[in-house]
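Rule-based calculations on the coordinates, nothing more; no lab input. As the structure is a prediction and not an experimental result, all values here were calculated from the model. Here the Cβ is made from the backbone with ideal geometry for all residues, glycine too, and neighbour counts use every protein chain on show.
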Amino acid sequence: MSAVLPTKSEELVSYNPATGDEVGRVAVTSPDGVVGAVARAREAFQSWRKTTFNERKRLVMAAREVILADIDGIAKLISAESGKPFGEAISMEIAPVLDLMQYFARSAEKLLKPHKIGIGLYALLGRSSKIVYHPLGVVGIIPAWNYPFSIPLGEAAMALMAGNTVVIKPSELTPMVGLKIGEIFEKAGFPADCVQIISGAGETGAALVEAAPQKIMFTGSVATGKKIAAAAAKNLTSCVFELGGKDPMIVFEDANLELAASAAVWGSFCNSGQSCSSVERLYVHESVADKLTKLIVEKTRELKQGVGTREDVSIGAMSSERQIEIVEDHVADFVASGAKIEIGGVRSPALGRPSAGHEPPKGGTQNLFFEPTVITSVNNDMRAMREETFGPTLPIATFSTEQGAIRLANDSEFGLTASVWTRDYARGRRVAEQIEAGSVCVNEVLYTHGIGQTPWGGFKNSGRGRTHGTEGLMELVQPQHIHTNRLAILPDAWWMPYSSNAVETFRDMARKFASGSLLKTTALLPQLAKRIRELIRKRS
Ligand code: NDP
């Protein structure tokens, strides 16, 4: 449960992206250390898999208590290491993961209960089938830095409730939050090696994949996802991929514009736009575009930007120089393509100065605050409307018809989430079903990752598989089918040896039994009896 000790003396140093202060340092786990961690997790699995759901529930609920006892301390650490506002660390990470933990602690047993399945006409032959769920073994979790607490912790809690053990490789940008997750499980009393944290950069993640856990839960970019898919193929390790997004928000002319404007501001600027489900494209009906844009700009102007650990700050620092440079590149692309910056568009100059209360970050980076930016006169041909930005930018385009809005929304390689805003709920649902995305909200935005009961995952290049919800839990188990014949006195008609009579029976089975019709199958009975008599005669 604690950090795996290194065999060589490399260190990751974690800096606060807002202030440049060191948050902490952690030893990098060597490739041998990674192999050892997975081996110990396999060993621990042998006894963990035998624990009752009640025991797992007790420990997961105890982990919740550990978190509850130190909410502010954990939120400060998340904010310091990621740059996000303190308030968001609680509202978007701690609170949702606590809810997810209690839900799966209480529901996993019911959701994974063995159950009978219908087998149609085979039941008439005295057969029955049931499904039993088995844990997989070791689950490797490789999360991104943007939700460094809730994503790996939530996935770990689900994996543990399903009877697996877990090895987590946090992002190199948020290693201390990763260690905190290990500490929480340790304090809660989980047995040794049920949850291990390994530390390091991409190579450490690659070593984890190489060590062949039974499953990889990956959250990150499409490019890294493809590398992991290729590496995992070597051992046929199955993976869930939670990848990027370019999520659209569609606002119809009858929407509550005041609400939609507030939602757009939160949906695109929370976590400085570094959410996989951030609103990255807003399509508004042309008749209300000016009004909505005005409201959005006014609301954006009111936002206070600063060091995230201050409670009144709505927009913190971005996570890294690399990320803020992508945002600058996209803003430059918008401008060069003829778009108009309504507000923002630059790094926040005041926050880069020491007089603003902090030094420029060490480690080569400078000012990582990007102003929340609203852009108009954009269209889908612009590069910045096609690539994931992952920053506080809100480009607004217009449409004139419902089908036009759907076409624009679907015109993307990504399909993680989307939202539709209208007072006409029938239209909202109709449009939602035509959007190619894993989650579509009607009159809501972004937040359903926080509802542990609902599945999370993308269409198209936004991912494969699901986390959360029953679908996500099913990714963490292997279903076993147990089939019983309670009339085991006669041979099956399809057994050997074959004959002309056998082939005639098979033809009849194809025509009658395989129709699913009881009536037609009744007509098959004489031929079936003939065939079985033939088999019995040949046997005796
Ligand atoms: P990356 O793909 O760069 O990294 C993700 C994780 O993979 C990190 O822990 C990283 O380590 C690790 N990693 C890097 N290379 C390898 C490798 N070869 N083998 C194994 N692991 C490796 O993504 P970002 O961290 O930049 O995250 C941003 C992306 O994540 C965005 O595209 C965003 O949309 C997506 N995302 C998707 C979510 C979803 O639910 N669909 C949720 C949140 C984010 P290290 O950081 O140490 O280099």
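Placing +1 at every Lys and Arg Cβ and -1 at every Asp and Glu Cβ, with all other atoms neutral, what dipole size does the chain have around its Cα centre, in debye to the nearest 20?
3540
Before anything else, pin down the relative contact order of the chain: Cα pairs under 8 Å, at least 6 apart, normalised by residue count, whole percent. Write down the numbers at each step before the final one.
Numbers: 1182 pairs, mean separation 95.2, N = 540.
Taking the mean separation of contacting Cα pairs over the length of the chain, I get 18 percent.
A straight Cα-to-Cα reach below 17 Å connects Lys246 with the lysines Lys460, residues fewer than 8 places away in its own chain not being considered.
For Ile141, nonlocal amide neighbours, meaning residues 5 or more places apart or on other chains whose placed amide H falls under 5 Å from its own, are Val167, Ile168, Lys169, Met217. What shape does region 256-312 take by its C-alpha gyration tensor, where a ≥ b ≥ c are the square roots of the eigenvalues and a/c under 1.5 counts as rounded, a/b above b/c as prolate, and the rest as oblate? Since a/c reaches 1.5 but b/c is at least a/b, the shape of region 256-312 is classed as oblate. Taking a ≥ b ≥ c as the square roots of the eigenvalues of the alpha-carbon gyration tensor, the chain is classed oblate because a/c is 1.5 or more while a/b is no larger than b/c.
Show which aspartates and glutamates lie in cross-link reach of Lys50 when reach means a straight Cα distance below 14 angstrom and same-chain residues fewer than eight apart are skipped. Correct list for Lys50: Glu109. With K and R counted +1 and D and E -1, the other residues having a Cβ less than 11 Å from that of Ile90 yield a net charge of -2.
What 222 nm value per residue comes from the helices of the chain, counting each DSSP H run with n ≥ 4 as -39,500 (n - 2.57) and dividing by all residues, nearest 500 deg cm²/dmol?
Helix contribution divided over all residues of the chain: -12000 deg cm²/dmol.
Of the cross-linked pairs Lys84/Lys187; Lys116/Lys187; Lys130/Lys169; Lys84/Lys299; Lys130/Lys215; Lys169/Lys226, which ones have a Cα-Cα span greater than 29 Å in the structure shown? Checking Cα-Cα distances, Lys116/Lys187; Lys130/Lys169 exceed 29 Å.
Does anyone have the angle between helix 31-48 and the longest principal axis of the chain? Alpha-carbon axes, 0 to 90°, nearest 10? Between helix and principal axis, roughly 50 degrees. What's the angle, to the nearest 10 degrees (0 to 90), between helix 425-434's Cα axis and the longest principal axis of the chain? The angle comes out at about 70 degrees.
Report the local net charge at Val346: Lys and Arg +1, Asp and Glu -1, summed over other residues whose C-beta lies under 10 Å from its C-beta. Taking every other residue near Val346 into account, the sum is -1. Candidate cross-link partners of Lys234 among the aspartates and glutamates, defined by an alpha-carbon separation under 14 Å and a same-chain spacing of 8 or more, comprise Glu210. For Asp424, Asp193, Asp508, the sequence from fewest to most other C-beta atoms within 10 Å is Asp424, Asp508, Asp193.
Neighbour counts of other C-beta atoms within 10 Å: give me Thr393, Thr522 arranged from fewest to most. Before the final figure, lay out each step's value.
Values: Thr393 27, Thr522 11.
With the sparsest Cβ surroundings first, the list reads Thr522, Thr393.
Which of the listed residues, Pro479, Gln434, Gly463, is farthest toward the dipole's positive end in region 406-480, when Lys, Arg count +1 and Asp, Glu count -1 at the beta-carbon? It is Gln434, whose Cα lies furthest towards the positive end. Derived from the Cα gyration tensor, the three semi-axes of the equivalent ellipsoid of region 384-468 are 20, 17, 13 Å, largest first. Could you tell me which residue out of Trp494, Tyr103, Val195 lies farthest along the dipole of the chain toward its positive end? Charges go on the beta carbon: Lys and Arg +1, Asp and Glu -1, centred on the Cα centre. Sorting the options by dipole projection puts first Trp494. In whole Å, how far is the Cα centre of region 269-342 from that of region 491-540? Between the Cα centre of region 269-342 and that of region 491-540, the gap is 69 Å. If one takes the longest principal axis of the Cα atoms in the chain, at what angle in degrees, from 0 to 90 and to the nearest 10, does the Cα axis of helix 525-539 lie? Tilt of helix 525-539: around 70 degrees.
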